[in-house]
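Take a look at the structure set out below.
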Amino acid sequence: MVKKIGSVLLFLLFMSQTVYADFDIQKSIDKAKPGATITIPAGQYEGNFVLTKKITLRGEQGTELVALGDEPVLRIDNTATVTIENMTLSGNKQAIVASGVDGLELRYLNIKDIHTGVHIQRSKNVQIQHIEVAGNKEHYSNKGNGLAIFKSEDVVVEDANIDHVQDGIYVEEVKNLLVQNNKISNSRYGTHFMYSSNAQAFHNTYQNNVTGLMIMMTSDISIKSNHLENHNGLNGYGMLLYDVQQAVVELNTIMNNRTGVALQKSTGIQIECNDFRMNQTALEGMKVDGTSMASNNIFTGNIMTARSDQQGFLLANNYYDDYSGIDLENDGIGDVPYVAVSSFGQWMVRQPVYQYFVASPSVVLLTSLDQQINKTENTVLVDDAPKLRMKQITKINEMNFKQLLIGLLIVIASMCLWKRGMME
Amino acid sequence: MKKWILIVVVCCVILVSCREKTYGPREIVGETDVCKICNMSIVHHEYAGQIALKNGDYEIFDDLGCLMEYIHANGEDEIGAAFIKDTIKNEWIDVFKATFVYNMEYWTPMNYGVLAFETKDSAIEWMATKGDGQVLVYKDLLDFNWGIHQ
């Protein structure tokens with residue numbers, strides 16, 4: 001009997017190892033008429049598959065494609081209307097490489113054990129939805145990007161979950177781009193825009209990367225309702241805008257970063273209604289033009305609110321938890337300006353290693369002196385109308401009748417049991 | 001005798017202090033080094049550059065274009081030496097003596113498309129397989145239109 005059980009267990013053990021399915025994917029692709037849908041049965045398939053026609057490749061639950069050698073699992077070249085969905089992809093280098101595709105849809109893909117997840121170039125009308133990319137735990141310089149998109153237009157990336165890669169979403173020379181509802185963590189940059197225009201980043205969550213959003217040489221970008229948290233390494237930023245023209249940064253929650261938002265060489269940046277919490281430095285600016293402004297933001301628990309070079313940027317109508325002014329007119333606006341100028345902050349811009357002295361007694365004293373001296377001067381980083389009350393978000397308490405009924409029943413039952421116990 | 005020893009010691013000190021200071025490249029530290037100009041982490045070491053300043057400090061760059069932007073902004077007076085990685089050998093070479101090739105299709109971290117080579121011959125050899133480009137020397141880089149070219 002024991003022998004039989006052992007044999008069955010051994011059989012199951014061997015059966016659970018890699019099983020290569022018989023279905024010939026490449027043959028099916030080659031045979032299919034343009035516009036056809038190919039359903040790949042569950043199982044593991046080894047190979048490097050090439051698509052050059054309109055086609056839908058759909059996996060069943062348990063369909064896994066594994067690359068052979070260093071070639072990608074799927075290569076899609078110079079075609080239109082291709083959909084890949086519902087499968088797991090793995091291999092040595094890239095999972096999917098698409099070039100010159102008009103109308104590419106990638107949905108419900110699980111990409112693992114790979115250097116680069118998806119590489120797209122010279123394509124348009126690209127939709128990437130519900131993709132999971134999990135890299136290994138090596139240093140980010142030894143890994144590729146989760147999704148990399150080059151020289152393309154009209155691209156949407158949404159609901160992706162990317163972890164442990166170099167850059168979660170790397171975008172270079174892309175026009176008309178929407179990145180939303182993605183979650184990217186433990187990578188170098190969560191999302192990295194370069195040389196792109198008309199881009200939108202909404203409702204994304206970035207955690208524990210070197211920098212959450214790295215935006216470089218990009219114009220016309222809207223960054224709204226994102227959550228950027230725990231970018232607190234030596235060179236960590238919640239968001240860094242370098243050489244950016246015309247950006248709106250609004251309604252984001254930026255917390256526990258070394259620097260919340262940094263602006264460098266940028267023009268026309270509006271930072272509005274964001275929540276800066278517990279950052280080492282909330283806002284930093286270098287070579288920022290005079291039209292860039294931070295207004296109606298909430299600054300709470302940050303060690304340093306703002307720092308800049310001599311050029312500075314504008315602050316208006318923000319709430320600062322360290323503001324000590326009064327409001328005799330009772331209009332909700334402080335009667336004396338808030339001064340964010342800090343000599344130490346300006347030194348720290350030039351020498352980042354000074355950050356290690358940021359809360360030392362001498363620096364605290366120096367900052368207090370700065371605030372007293374600069375109140376009478378018209379300098380940079382002064383908010384003439386600081387808010388004294390932060391906008392309260394009041395949530396209406398909704399009653400959950402189901403929970404209330406269950407609770408009441410439990411209380412009544414407990415009381416009955418207790419009473420019966422007492423009677424006995 | 002003591003007098004002579006003193007003269008010899010003084011001469012040695014003078015000679016040591018008068019010798020030309022040499023500057024060498026340092027290792028890039030992936031965890032902490034970021035480009036002085038654009039703040040990018042250095043992950044593609046094969047395109048990195050560095051400047052050894054006369055005061056002993058080093059400035060690190062992720063792309064030749066950033067290194068040239070630093071020189072534009074700060075001049076050459078304080079520079080002891082400048083290094084860039086040779087595209088073929090992935091070794092540090094002198095920026096001032098190197099040969100450069102520009103091709104807008106060459107990828108670099110900032111997409112400036114200028115690669116460095118130790119010799120003109122190796123640059124020509126590279127172009128034979130990777131596509132023709134415009135051959136440049138350091139002087140040309142000072143007037144070069146850095147930025148993306150479409």
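The values are calculated or read from the model by the stated rules, or taken from the named source; none is laboratory data. No experiment lies behind these values; they were computed from the predicted model shown. Cβ sites come from the backbone with ideal geometry, for glycine too, and all protein chains shown count toward neighbours. Each accessible area value is taken on the protein alone, full model and side chains, heavy atoms only, with ligands, DNA and RNA left out. Shrake-Rupley method; radii C 1.70, N 1.55, O 1.52, S 1.80 Å.
Pairs needed: first member in region B:89-104, without any contact (Cβ under 8 Å) to a residue 12 or more places away in the chain and part of a loop (DSSP other than H, G, I, E, B); second member anywhere, surrounded by fewer than 13 Cβ atoms within 10 Å (Cβ to Cβ) and of a type in the set (A, V, I, L, M); C-beta distance under 9 Å; at least 6 residues apart or different chains.
Hits for this filter: zero, empty list.
Do we have residue B:98 as within 13 Å of another protein chain (Cβ to nearest Cβ) and within 16 Å of residue B:118 (Cα to Cα) here?
no
So is residue A:118 within 13 Å of chain B (Cβ to nearest Cβ), of a type outside the set (S, T, N, Q) and buried (at least 24 other Cβ atoms within 10 Å of the Cβ) or not?
Details: within 13 Å of chain B (Cβ to nearest Cβ): no; of a type outside the set (S, T, N, Q): yes; buried (at least 24 other Cβ atoms within 10 Å of the Cβ): yes.
Considered against the rule, which asks whether it is within 13 Å of chain B (Cβ to nearest Cβ), of a type outside the set (S, T, N, Q) and buried (at least 24 other Cβ atoms within 10 Å of the Cβ), residue A:118 comes out as no.
So which residues in region A:137-163 are open to solvent by 10 Å² or more (accessible area, probe 1.4 Å), more than 14 Å from every other protein chain (Cβ to nearest Cβ) and under 17 Å from the mean Cα position of the chain (by Cα)?
Restricting attention to region A:137-163, the residues satisfying the condition of being open to solvent by 10 Å² or more (accessible area, probe 1.4 Å) are A:137-143, A:145, A:150-151, A:153-154, A:156, A:158-159, A:161, A:163.
Add one more test, that the residue is more than 14 Å from every other protein chain (Cβ to nearest Cβ), and what stays is A:137, A:154, A:156, A:158-159, A:161, A:163.
Across region A:137-163, the qualifying residues are A:156, A:158, A:159, A:161, A:163.
Is at least one residue of region B:126-133 more than 14 Å from chain A (Cβ to nearest Cβ), among the acidic types (Asp, Glu) and in a loop (DSSP other than H, G, I, E, B)?
As a first pass, look at region B:126-133 and keep what is more than 14 Å from chain A (Cβ to nearest Cβ): B:126-133.
Narrowing further to those that are among the acidic types (Asp, Glu): B:132.
Now restrict to residues that are in a loop (DSSP other than H, G, I, E, B): B:132.
Scanning region B:126-133 turns up at least one residue that is more than 14 Å from chain A (Cβ to nearest Cβ), among the acidic types (Asp, Glu) and in a loop (DSSP other than H, G, I, E, B).
With region A:206-277 as the region, which strands (runs of 3 or more DSSP E) entirely inside it contain at least 2 residues that are within 13 Å of chain B (Cβ to nearest Cβ)? Steps first, please.
On the way: elements: A:211-216, A:219-224, A:227-229, A:237-242, A:245-250, A:253-255, A:259-264, A:267-272, A:275-277.
Filter on region A:206-277 gives A:211-216, A:237-242, A:259-264.
Which of the numbered conditions does residue B:66 fail, given that it passes all the others? Conditions: (1) out of contact with any Asp or Glu (no Cβ under 7 Å at 6 or more places or on another chain); (2) farther than 26 Å from residue B:30 by Cα.
(2)
Those residues that are in contact with a strand residue (DSSP E or B) (Cβ under 7 Å, 6 or more places away or on another chain), of a type in the set (A, V, I, L, M) and open to solvent by less than 30 Å² (accessible area, probe 1.4 Å), I need them from region B:90-149; list them, please.
Result: B:93, B:95, B:98, B:101, B:114, B:115, B:116, B:123, B:127, B:136, B:141.
What's the total number of residues in region A:288-342 that are outside any strand (DSSP E or B) and out of contact with any helix residue (DSSP H, G or I) (no Cβ under 8 Å at 6 or more places or on another chain)? Can you show your working first?
Within region A:288-342, the subset outside any strand (DSSP E or B) is A:288-292, A:296-297, A:301-303, A:309-313, A:317-318, A:321-332, A:334-337, A:340-342.
Of the ones still in play, those that are also out of contact with any helix residue (DSSP H, G or I) (no Cβ under 8 Å at 6 or more places or on another chain) are A:288-292, A:296-297, A:301-303, A:311-313, A:317-318, A:321-332, A:334-337, A:340.
The total comes to 32.
Has region B:55-66 got any residue that is open to solvent by 30 Å² or more (accessible area, probe 1.4 Å), in contact (Cβ under 8 Å) with a residue 60 or more places away in the chain, in contact with a Lys or Arg (Cβ under 9 Å, 6 or more places away or on another chain) and among the aromatic types (Phe, Trp, Tyr)?
No, region B:55-66 has no match at all.
Within the group B:71, B:42, B:84, which residue is within 12 Å of another protein chain (Cβ to nearest Cβ), of a type in the set (A, V, I, L, M) and surrounded by 15 or more Cβ atoms within 10 Å (Cβ to Cβ)? Explain how you work it out, then say what you get.
Values: B:71 fails: within 12 Å of another protein chain (Cβ to nearest Cβ); B:84 fails: within 12 Å of another protein chain (Cβ to nearest Cβ).
Among B:71, B:42, B:84, only B:42 is within 12 Å of another protein chain (Cβ to nearest Cβ), of a type in the set (A, V, I, L, M) and surrounded by 15 or more Cβ atoms within 10 Å (Cβ to Cβ).
What number of residues within region A:193-205 satisfy the criterion of being within 14 Å of chain B (Cβ to nearest Cβ) and either of a type in the set (S, T, N, Q) or under 16 Å from residue A:163 (Cβ atoms) (or both)? Spell out how you get there, then give the answer.
So the first thing to find is which residues in region A:193-205 are within 14 Å of chain B (Cβ to nearest Cβ), and the list is A:193-197.
Subsequent filtering for residues that are either of a type in the set (S, T, N, Q) or under 16 Å from residue A:163 (Cβ atoms) (or both) retains A:196-197.
Residues in region A:193-205 being within 14 Å of chain B (Cβ to nearest Cβ) and either of a type in the set (S, T, N, Q) or under 16 Å from residue A:163 (Cβ atoms) (or both): 2 in total.
Starting from residues that are under 11 Å from the mean Cα position of the chain (by Cα) and charged (D, E, K, R), keep the ones in region B:92-125 and report whichever is nearest to residue B:52 (Cα to Cα). Steps first, answer last, please.
Taking region B:92-125 first, the residues under 11 Å from the mean Cα position of the chain (by Cα) are B:92-98, B:116.
Those still in the list that are charged (D, E, K, R) too: B:94, B:97.
Working: B:94: 11, B:97: 16 Å.
Filtering region B:92-125 for residues that are under 11 Å from the mean Cα position of the chain (by Cα) and charged (D, E, K, R), the one nearest to residue B:52 (Cα to Cα) comes out as B:94.
Across region B:28-66, what is the number of residues that are of a type in the set (Phe, Trp, Tyr), part of a strand (DSSP E or B) and under 22 Å from residue A:187 (Cα atoms)?
Taking region B:28-66 as the starting set, the residues that turn out to be of a type in the set (Phe, Trp, Tyr) are B:47, B:58, B:61.
Keeping just the survivors that are part of a strand (DSSP E or B) gives B:58, B:61.
Filter once more, so that each one left must be under 22 Å from residue A:187 (Cα atoms): B:61.
So the answer is 1.
Would it be correct to say that residue B:36 is closer than 18 Å to residue A:353 by Cα, modelled with pLDDT of 90 or more and of a type in the set (Lys, Arg)? Give the steps one after another, and end with the answer.
Working: closer than 18 Å to residue A:353 by Cα: yes; modelled with pLDDT of 90 or more: yes; of a type in the set (Lys, Arg): yes.
Taking the combined requirement at face value, the residue satisfies it.
Residue by residue, here is whether (1) at pLDDT below 95; (2) closer than 17 Å to residue A:96 by Cα; (3) β-branched (Val, Ile, Thr); (4) surrounded by 10 or more Cβ atoms within 10 Å (Cβ to Cβ) holds:
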position: A:3; (1), (2), (3), (4): yes, no, no, no
position: A:10; (1), (2), (3), (4): yes, no, no, yes
position: A:15; (1), (2), (3), (4): yes, no, no, no
position: A:18; (1), (2), (3), (4): yes, no, yes, no
position: A:38; (1), (2), (3), (4): no, no, yes, yes
position: A:48; (1), (2), (3), (4): no, yes, no, yes
position: A:56; (1), (2), (3), (4): no, yes, yes, yes
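Look at residue A:178 and say whether it is open to solvent by less than 10 Å² (accessible area, probe 1.4 Å) and either among the small types (Gly, Ala, Ser) or away from chain B (no Cβ under 14 Å) (or both). Explain how you work it out, then say what you get.
On the way: open to solvent by less than 10 Å² (accessible area, probe 1.4 Å): no; either among the small types (Gly, Ala, Ser) or away from chain B (no Cβ under 14 Å) (or both): yes.
Answer is no for this residue.
What single numbered condition from (1) open to solvent by 30 Å² or more (accessible area, probe 1.4 Å); (2) at pLDDT 95 or above; (3) within 28 Å of residue A:234 (Cβ to Cβ) fails to hold for residue A:261?
The number of the failed condition is (1).
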